[in-house]
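Chemist: Once you've had a glance at the structure underneath, I'll fire off some questions.
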Amino acid sequence: MKIHEYQAKALLAQYGVPVPRGKVAFTVDEAVSAAKELGGSVVVKAQIHAGGRGKGGGVKVARDLAEAEQYARQILGMTLVTHQTGPEGRVVKRLLIEETLPIDRELYLGIVLDRAVGRCVFMASAAGGMDIEEVAAKTPEKILKEQILPGQGLAAFQARKLAFGMGLPASAVNGAVAAMQALVKAYNELDANLAEINPFILTKDGKTLALDAKITLDDNALYRHKALMDLRDLNEEDPLEVEASKFSLNYIKLDGNIACMVNGAGLAMATMDIIKYAGGAPANFLDVGGGANAEQIKNAFHILLADAGVKAVLINIFGGILRCDTLATGVVAAARDLNVKVPIVIRMEGTNVEEGRRILAESGLNFTVADGMKDAAEKVVRSAQ
C-alpha cells in the first residue's frame, strides 16, 4: 500500500527522523492558512503516489503568501503527468505546504529487501535529489550499501560508515546516524516494503532532515497495523484494483487485451509469460487464490470485463483446493449473468476436471477448452485478434 509524502513524514517523525515543518491542505484557503502559519516563504508540493513531481510542475517554491496562493491554485486540481504516472497523469487533490530550508547538500537514503542475499539492505548515496535508478545505472559506485541483520537493525558503526562515505562533516555525523537508525526502526516496525528519503538534506547550519519521504507498506501485514489502513487513498489507485480488493482478489491492471484468471501467483506469472510468447499481451494479473468459490469467480469475471480493452479471456486453473467443477459452475453463472460477448478460452487440470469439462460442455455457451498451456495461449491470442 502506497501512502502520500506527508503521511510518510508523519510516520517517520514518530520514530525520530527529523522532517521540515509542514501541513497538508485540501483547499486553496487551507494552503494559504498553512503558508501564513509557516512564515509565508514555503514550498507547495503536489501529493500524488508518483515520483518526478517537481519535473512535472507539481513542486513550487513560494517567496510570500501571494505566490503561495498562486501556486496552490495552479497545482490543486491539475492533472500532473510524470514518468511514473503514465501519460494519463494523476489529478492533484491535496497539497503539502512546507517551510523552506537553507539546503547545502542533497543526499539519498533508502531501504529495500535484497532477494539475492535474503536480507534488507540500507542504501546511501551522496547523489541525492536525482532518480536513484539513474544513479545505479550510470554511476553504481556512488551507492553505498550495508546489510541489515535480522532483529538487530542498523548498527551505529554501519551508519557512521555510510555517513562518512557520503562525505558528511563530522559535526553532522551523529544527527545523520540517529536518522538512519530511526529510518530502519520505522521500516521494520511498520512492515514496510520500501522506505526512501530523497533528498536527505544537510542544511547550511549543519542540520540533517528528510526533505522528501516515500514509504510503501506490505498489504499482507496490515492486519497488524489497522490504524495505517486509514492512510489509504483510493483516489490514487486504479478503480478496478480497488474493486478487486473488496473481494480478496489479487488483481493488477496491465496494458494488454487478453484478460487472465488464474489460481496461484506462480501460475499467473507463467500464464502471462506464455501469452507474450504466443504473441499476445496480458491485460491483467489476477490470482483468485486456492480457496475461491463460485461467487468470487463471478466477481472476478465482472472486474475482468469492466476493462474496456479486453478482447478475450484466458482462464487457467490447476484444480486443488479450488476444484474444477466449482470453477466451471462459477464461470458458467458469470458468463450468463454478465452476458459475456468476448471469447473465453479455458485450460484446467486437477481435481474433478472431467466434471468441470462436463459442466462447460452442457452449458450451451461457446467456451473454447484448451489442451495444455501452450494450446490455451495460442487459442486465446488468435481469439483476441
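The values are calculated or read from the model by the stated rules, or taken from the named source; none is laboratory data. Everything quoted here is computed from the prediction, not taken from an experiment. Positions of Cβ are backbone-derived with ideal geometry, glycine not excepted, and every protein chain shown enters the neighbour counts. The area values use the complete protein model at the heavy-atom level, side chains included, leaving out ligands, DNA and RNA. Shrake-Rupley method; radii C 1.70, N 1.55, O 1.52, S 1.80 Å.
Chemist: Going through Leu12, Leu65 one at a time, which residue ends up being under 23 Å from Thr203 (Cα atoms) and either open to solvent by 70 Å² or more (accessible area, probe 1.4 Å) or of a type outside the set (Phe, Trp, Tyr) (or both)?
Modeler: Going through Leu12, Leu65 in turn, the sole match is Leu12.
Chemist: Same structure again: How do the strands (runs of 3 or more DSSP E) wholly within segment 158-235 filter down when requiring 2 or more residues that are within 21 Å of the chain's Cα centre (by Cα): which remain?
Modeler: Per the criteria, 192-203, 214-217.
Chemist: Still on this structure: In the set Arg323, Arg347, Arg357, which member is under 33 Å from the mean Cα position of the chain (by Cα), open to solvent by 50 Å² or more (accessible area, probe 1.4 Å) and in contact (Cβ under 8 Å) with a residue 24 or more places away in the chain?
Modeler: Testing whether each residue is under 33 Å from the mean Cα position of the chain (by Cα), open to solvent by 50 Å² or more (accessible area, probe 1.4 Å) and in contact (Cβ under 8 Å) with a residue 24 or more places away in the chain leaves just Arg323.
Chemist: Moving to a separate point now. Looking at (1) assigned to a helix (DSSP H, G or I); (2) surrounded by fewer than 18 Cβ atoms within 10 Å (Cβ to Cβ), find the lone condition where Val381 falls short.
Modeler: Tallying (1) assigned to a helix (DSSP H, G or I); (2) surrounded by fewer than 18 Cβ atoms within 10 Å (Cβ to Cβ), Val381 fails exactly one: (2).
Chemist: Also, I was wondering about something else. Those residues that are of a type in the set (S, T, N, Q) and either modelled with pLDDT of 80 or more or touching a His at 6+ places or on another chain (Cβ under 6 Å) (or both), I need them from segment 237-258; list them, please.
Modeler: Asn250, Asn257
Chemist: Also, quick follow-up: Just need a number here: residues in segment 145-188 that are of a type in the set (Asp, Glu) and more than 18 Å from Asp114 (Cα to Cα).
Modeler: Result for segment 145-188: 0.
Chemist: Anything in segment 360-369 that is surrounded by fewer than 20 Cβ atoms within 10 Å (Cβ to Cβ) and outside any strand (DSSP E or B)? List them, or say none.
Modeler: Ala361, Glu362, Ser363, Gly364, Leu365, Asn366
Chemist: So, in segment 173-203, of the ones that are of a type in the set (S, T, N, Q) and in contact with a Gly (Cβ under 9 Å, 6 or more places away or on another chain), which residue ends up least open to solvent (accessible area, probe 1.4 Å)?
Modeler: Asn198
Chemist: Here is a follow-up. Look at Gly89 and say whether it is at pLDDT below 95 and either surrounded by fewer than 17 Cβ atoms within 10 Å (Cβ to Cβ) or farther than 30 Å from Lys226 by Cβ (or both).
Modeler: Judged against the criteria, Gly89 is a match.
Chemist: Now for a separate question. Using beta carbons and a limit of 9 Å, which pairs, at least six apart or on different chains, have the first residue in segment 113-134 and touching a residue at least 40 places away in the same chain (Cβ under 8 Å) and in a strand (DSSP E or B) and the second one among the basic types (Lys, Arg) and open to solvent by 70 Å² or more (accessible area, probe 1.4 Å)?
Modeler: Hits for this filter: Leu113/Arg119; Phe122/Lys145; Ala124/Lys145; Ser125/Lys142.
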